Structure formats: C-alpha cells, structure tokens
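Please read the structure below before turning to the comments.
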Amino acid sequence: MWQPQNDLERALQDSRKGHVEASVFHRELKEGILIFLTPYQPWKAGTYDVGPDKQKTFVLWPVEGENMVVLFTSTVRVEYFLRNIPDWHKHFIMGEMLGQELLQVLLTLPNAPKAILNPCGEDESPIMEPAWMREIVEWSVLDMPTPDDAALVDVVLPPPEQIPDWLRESLCKYLATRPEVQAAWLFYDEQPAPPYNEVLLVWVLMTGGDVAEVERETALAIAGVLPPQYSSRAWVIKNPQVREVQRVMSLIRPFYAAPDYCRPEPQA
C-alpha cells in the first residue's frame, strides 16, 4: 500500500479502512489541493494561474469505455501513474487547484465529464460522477445524517439519560464556554470499525460563529476525555430548518442546551 503524502491522502486511506467516515475524506477533498493534467504547451512552461473563471483544457483518459478527467492527490501519485510513458514531461503539465474550485470548473464544462481519482493501479480508484462533485461543492454530502440516513450506517441517538455522567458533564462544561452553541446531541455507532471499540459523534446546533472552529474545538474536547480505544468527531448542523433535522430535534432532547434554546414542537 502506498504511503500517504498529505492529509487528503491520509483521509482517503482511513476511509477505505473504515477508520473514519466518508465525510472526513469528502471534507479534505473539498478543502485540499487536487492535481490535474493538461496538454503540454511549451509557451506556458512553469507555474501559471488557473481558477473557475479561467479556460483550461484537461487531459481525458479512457476508463471503462468512456473518457474521464484524471485527478490526483499528490505529485507522487501523478508520477506513478505516468511512470511507463517515456518523457511524459514533454506531453503533460501538472496543474493544481483547491478541490472545491477544481470541481466547480469541471461542472461548468459542456457535458460535464466524470473524473477518476488516482488511477494508479495500486488501490481502487474512486470515480466521481458530476452529481457527486456537485454535492461536495455544495457541502451537502458533509452534513450530519438525518435519522433516516443514520439508520443506514448503524448510528443511534440515545436519550440524554443514557449518556455516561463523566462524558456528558465534560462536554457540557466545554460547550457552555461557546455562546454560539445552542444545543448538542450525541450519536453512537453501533458497529464501530477496528481498531476502535466505540465511535461517538457530536451533533451541534449553532447561531452565528465560526463553524469550522466549533467543529474542530468540539472534536478536540470530546477526544480529550475519551479513552484511546474510542474514536470521535463533531458536526455542526448546516441546515437546521430541514424537516428531518427539525424532527430529530423535536423527538430527542439534547444532552446540552443553552438557557435560551427553544426546542422545536413535535411534528404531526
């Protein structure tokens, strides 16, 4: 198995092993750097700017009977992919962009093509459909699952009284220091992947504030009180008005609630 070169490749490997949920990889894919190939143009040798408003020609590669854009997670993956092409530097130029920007560019192409990630022959290469790219760009695949979605991945949301006192008290103590946090719920994974015995997921409702900071600091807070055999992470609710999100908030009391938090009324 190849050695990961950056956070994106570590997230990709961990998601394949089941050590982290797919959304961790999706987030890194969106926020990390992706590398693409463009036909060699001697007059553009060196570094030049590209972006959503720039025209760009992508190298297409035949995969399973159709042409796809080839994307990579590091220069090491590119070099491995092109290792059998003599003097490949005379045929291709490597470009790089933030994942979100690159996927947006691909979605604007006529008859938006599929993309294949790291077609290196060492591991299974994810094929990215345009609809999947759009979900990543729009963040929808990174949102906390609704109860119906959660049931598909063996995640359960217990009532607050079933959460151990030591865990609830530690998390409440931290969340009380964040005035932007309105409420929080705790999920358990019923079938955690080795090497973890337990996987805990904290779901946070905010009003204002920095979403990324709260997710990061909440994840650190819960990890700091858990034994090493536990894994954990935090999500901020991105769309609190969605019907299924409203339903779970009305059915299950949060283990933490700010003094001014108003729980939604149960839905008919």
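Can you pull out every residue in the stretch 71-104 that is within 24 Å of I136 (Cα to Cα) and surrounded by 20 or more Cβ atoms within 10 Å (Cβ to Cβ)?
L71, F72, T73, S74, R77, V78, M97, G99, L102, L103
Taking the stretch 174-202 on its own, how many of its residues are within 18 Å of L220 (Cβ to Cβ), among the hydrophobic types (A, V, I, L, M, F, W, C) and at pLDDT 90 or above?
4
Would a scan of the stretch 123-133 turn up a residue that is at pLDDT below 70, under 30 Å from S74 (Cβ atoms) and not basic (K, R)?
Taking every residue of the stretch 123-133 in turn, at least one turns out to be at pLDDT below 70, under 30 Å from S74 (Cβ atoms) and not basic (K, R).
Could you check how many residues of the stretch 220-268 are assigned to a helix (DSSP H, G or I) and either touching a Gly at 6+ places or on another chain (Cβ under 9 Å) or of a type in the set (A, V, I, L, M) (or both)?
Final tally of qualifying residues: 9.
With the requirement that a residue be surrounded by fewer than 17 Cβ atoms within 10 Å (Cβ to Cβ) and closer than 24 Å to D7 by Cα, what does the stretch 105-118 give you?
Answer for the stretch 105-118, where residues must be surrounded by fewer than 17 Cβ atoms within 10 Å (Cβ to Cβ) and closer than 24 Å to D7 by Cα: there is none.
Looking only at the stretch 10-25, which residues are at pLDDT 80 or above and either within 25 Å of N67 (Cα to Cα) or not in a helix (DSSP H, G or I) (or both)?
Answer for the stretch 10-25, where residues must be at pLDDT 80 or above and either within 25 Å of N67 (Cα to Cα) or not in a helix (DSSP H, G or I) (or both): just L12.
Answer yes or no: is there a residue in the stretch 220-236 that is of a type in the set (V, I, T), surrounded by fewer than 19 Cβ atoms within 10 Å (Cβ to Cβ), within 22 Å of the chain's Cα centre (by Cα) and farther than 14 Å from W185 by Cβ. Step through it out loud before you land on a result.
At the first step, the residues of the stretch 220-236 found to be of a type in the set (V, I, T) are 222, 225, 236.
Within this subset, residues satisfying the condition of being surrounded by fewer than 19 Cβ atoms within 10 Å (Cβ to Cβ) are 225.
So of that shortlist, the ones also within 22 Å of the chain's Cα centre (by Cα) come out as none.
The answer is no; no qualifying residue exists.
The values are calculated or read from the model by the stated rules, or taken from the named source; none is laboratory data. Everything numeric in this text was worked out from a predicted model, so none of it was measured. Cβ atoms come from the backbone with ideal geometry, glycine included; neighbour counts cover every protein chain shown.
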